[in-house]
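Since every read-out is calculated from the coordinates, none of them should be taken as a lab result. As the structure is a computational prediction, the values presented were derived from the model and not from experiment. Counting neighbours? That spans all protein chains shown, and the Cβs are built from the backbone with ideal geometry, glycine included.
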């Protein structure tokens, strides 16, 4: 991880995230401070979209 985090929102819930990738892998970590949860996805495919995947999966945990 680096020192630079990004800030975004999913359904008005703010989160901090860091993504990464390179030759043959992609990853993303998100932290939702107000919801008390975090999510991480790591893939061994450079064409996988971790942000799109987490957008779908995280909603399941945020709206329970």
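Rounded to the nearest 500, what is the chain's calculated 222 nm mean residue ellipticity when only DSSP H runs of at least 4 contribute -39500 (n - 2.57) each, over all residues?
-6500 deg cm²/dmol
Calculate the FRET efficiency for residue 16 and residue 46 from the Cβ-Cβ distance with a Förster distance of 30 Å, rounded to the nearest 0.05. It would help to have the intermediate numbers written out before the result.
Working: r = 24 Å, r/R0 = 0.80.
Calculated transfer efficiency: 0.80.
What is the helix-to-structure angle for 50-62, meaning the angle in degrees between its Cα long axis and the longest Cα principal axis of the chain, kept from 0 to 90 and rounded to the nearest 10?
Helix 50-62 sits at roughly 20 degrees to that axis.
One quarter of the convex hull surface, Cα atoms only: what value does that give for the chain in nm²?
Over every viewing direction, the Cα hull of the chain projects on average to 4.3 nm².
Taking the simple approach of a point 7 Å from Cα along Cα-to-Cβ for both residue 8 and residue 34, what is their distance in nm?
Reported label-point gap for residue 8 and residue 34 is 1.8 nm.
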